[in-house]
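First comes the structure, then the notes that go with it.
The values are calculated or read from the model by the stated rules, or taken from the named source; none is laboratory data. Everything quoted here is computed from the prediction, not taken from an experiment. For neighbour counting, all protein chains shown are included, and Cβ atoms are generated from backbone atoms with ideal geometry for every residue, glycine included.
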Amino acid sequence: MSSTNKEKVDYLLLILNCKRYHYKAALQKNTWLKFIPNNYKYYHIIGNINILNDYEFDDNNNILYVNSKDDYLTLPHKIIMAINAIHSRFDYKYVFKTDDDQFLNNNKLFNILPNIISKYDYGGYNVSVDDHYSQYYLIHNELPKNILLKKATYCNGRFYFLNKNVCSFLLNYIDHFKNSIIEDHAIGIKLMEYPNLKILNFNSNNYFLDIPKYVNTKFHIYTECVNCPEIGINAIKSFFKYHPDYIINVYLTNDDMNYINKQYNNKNINYCIVDDQFKLIYNNGGHRATAILWSQIIQNCKNNNQYIIHFDSDVLFLNNMIDNIIVEMINDYDIVGPIRCYKYNLNNRDDIRNMKDTVATYCFGYNPNKINIDNYDEYFIYMIQGIYTPDRHPILDFFDPITFNMYKNNAKIKYINFDIIGGLNEYGSRNNKYSSFNSLFDVGDKIIHFSAVGSGLNYRKNNLLNNSNISSYHQAGIKSLNIYEYSLYGKEYDDLDDNIREFKLFISNKLQD
């Protein structure tokens, strides 16, 4: 196709992605990609060896499928096939390339780039190497250990640009890219053959952050395992299965930490040790102790200008749940999570049906800067605990007074669909795609929340099971604990019905995915 018949666009941004990490693309689309100038087009590049042609454009979703494998070993072939696709369709000036794990922290970059690069063929953060065997396998264990990288100067794959003439040159050497493994080096070493190559060295690290680094700086992700490390360890393990690069702040005692460390270690666990006095408060009343802890976390995160994401210790992650919350919070929502229905509440509370819905706290995020409180005193703790509100109106559950306080400060709330996060929909229904199990607990595509398991464990540890004054809440907690232990460990109890046995099989299948 001649250039006169091609679509004209000044700049094209290619982002290496894969089907497995579609949620990374979603995070970028909902953040910095919304702000690129109108004279740019961007595409996430996904490999698909089953397409009939060399490439297929999905313009509605900004995806470019190329006839290549969708794995880490074939990135050079994937990028050259993407360059071939855009070279065939568009009349353009420059191509920019980045990765799906990158976060742009300066939205002015794409406005200032045209003036910076106009005299250059190729550019980015320059790396010069002699002949050596790559050590990248230490970071990406799918790579072989014997990759020989020849002497070259190339631009780091985090971000680089190529002009149209350079792209045309590279397309003569597709076999070179088929036989290469390290994408950025494959581009650079071939361009050493380009006549009079003009290469720009600029520090892309000043503009891009790895997404995990951004998240770990901007978000305080935490759970509490005080007196219940036997439960918390499963939540932590499942978290890292789907969020391996994010840091969890785990609040617990020294004994709890020692229990977890004997069975599991991860460099991204930040242990936050509570003192013995705090442990006593937990023993005397878990919700009050939790409220005290949350009060401290809220104050610290406000001071550090961090968002907060919390999950209960009795959840199991079945997929990447946290990025659903992060995407919405970066997208200017102040409270994100499962709905807690007031109008359609299931507690037969007619006195609250005229009030706004709030958020269930088993896995949710919020912006503490939207909490308008003058004094972080005992009354603030009562508000977190859900037993006091300055407006004296009725309350349904834990943290609700804080949510109502945030509403007064114009906080925006986003409810995650109950097919994804479990629990209720806006009409108080549990009839999601997992309705037979979601009627027992909160069960969605990406998370299971067992509810009150920690309370049941605390009751058992304190030998209170035979207490005639046991509350209905603790009775429910003990039953949840029995189901939890049966579902995860196969421990039999007398009061388990057939639905529970099906639930155990469901969990086993999910954990094997």
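Brief remarks on what is shown
To keep it simple, each residue is scored yes or no on (1) in the same structural domain as residue 184 (by TED's automatic domain parsing); (2) at pLDDT 95 or above; (3) farther than 22 Å from residue 178 by Cα.
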residue	(1), (2), (3)
43	yes, yes, no
53	yes, yes, no
56	yes, yes, no
60	yes, yes, yes
66	yes, yes, no
73	yes, no, no
79	yes, yes, no
91	yes, yes, yes
97	yes, yes, no
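- Any pair with Cβ under 6 angstrom, 6 or more apart, that starts in segment 171-199 at a residue that is under 18 Å from residue 70 (Cβ atoms) and basic (Lys, Arg) and ends at one that is part of a helix (DSSP H, G or I) and modelled with pLDDT of 95 or more: 178/77
- Matching strands (runs of 3 or more DSSP E) fully within segment 180-260 where at least 2 residues are within 22 Å of the chain's Cα centre (by Cα), of a type in the set (Ser, Thr, Tyr) and over 30 Å from residue 110 (Cβ atoms): 219-224
Rundown of residues vs (1) more than 25 Å from residue 313 (Cα to Cα); (2) in a strand (DSSP E or B); (3) in contact with a Pro (Cβ under 7 Å, 6 or more places away or on another chain), yes/no style:
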{"position": "325", "(1), (2), (3)": "no, no, no"}
{"position": "328", "(1), (2), (3)": "no, no, no"}
{"position": "332", "(1), (2), (3)": "yes, no, no"}
{"position": "344", "(1), (2), (3)": "yes, no, no"}
{"position": "347", "(1), (2), (3)": "no, no, no"}
{"position": "351", "(1), (2), (3)": "yes, no, yes"}
{"position": "356", "(1), (2), (3)": "yes, no, no"}
{"position": "365", "(1), (2), (3)": "no, yes, no"}
{"position": "375", "(1), (2), (3)": "yes, no, no"}
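- Qualifying residue in segment 428-435 (condition: exposed (fewer than 13 other Cβ atoms within 10 Å of the Cβ), out of contact with any helix residue (DSSP H, G or I) (no Cβ under 6 Å at 6 or more places or on another chain) and in contact (Cβ under 8 Å) with a residue 12 or more places away in the chain): no
- Residue pairs whose Cβ atoms lie under 6 Å apart, separated by 6 or more positions or on different chains, with the first residue in segment 119-131 and without any contact (Cβ under 8 Å) to a residue 60 or more places away in the chain and more than 27 Å from residue 11 (Cα to Cα) and the second in a loop (DSSP other than H, G, I, E, B) and of a type in the set (Lys, Arg), are 130/151; 131/150; 131/151.
- Subset of segment 139-171 [β-branched (Val, Ile, Thr) and more than 34 Å from the chain's Cα centre (by Cα)]: 153, 166
- Reported count of residues in segment 172-209, each being touching a strand residue (DSSP E or B) at 6+ places or on another chain (Cβ under 7 Å) and among the charged types (D, E, K, R), is 2.
- Selected residue (only one of 293, 346, 318 is buried (at least 19 other Cβ atoms within 10 Å of the Cβ), in contact (Cβ under 8 Å) with a residue 60 or more places away in the chain and closer than 25 Å to residue 440 by Cβ): 318
- Among (1) modelled with pLDDT of 95 or more; (2) surrounded by fewer than 19 Cβ atoms within 10 Å (Cβ to Cβ); (3) outside the structural domain of residue 49 (by TED's automatic domain parsing); (4) touching a helix residue (DSSP H, G or I) at 6+ places or on another chain (Cβ under 8 Å), the one test that residue 221 misses: (2)
- Answer from 64, 73 - the residue that is outside any loop (DSSP other than H, G, I, E, B), touching a Leu at 6+ places or on another chain (Cβ under 8 Å) and farther than 23 Å from residue 8 by Cα: 73
- Failed item in (1) modelled with pLDDT of 95 or more; (2) surrounded by 15 or more Cβ atoms within 10 Å (Cβ to Cβ), with residue 165 passing the rest: (2)
- Matching option when the condition is without any contact (Cβ under 8 Å) to a residue 24 or more places away in the chain and within 15 Å of residue 231 (Cβ to Cβ), among 473, 489, 493: 489
- Considering segment 481-499, the residues that are over 30 Å from the mean Cα position of the chain (by Cα) and in a helix (DSSP H, G or I) include one that is modelled with the lowest pLDDT, namely 498.
- Verdict on residue 95 being among the β-branched types (Val, Ile, Thr), outside any loop (DSSP other than H, G, I, E, B) and surrounded by fewer than 19 Cβ atoms within 10 Å (Cβ to Cβ): no
- Set side by side, the residues 473, 434, 407 differ, and just one is within 28 Å of residue 389 (Cα to Cα), modelled with pLDDT of 95 or more and of a type in the set (Phe, Trp, Tyr), which is 407.
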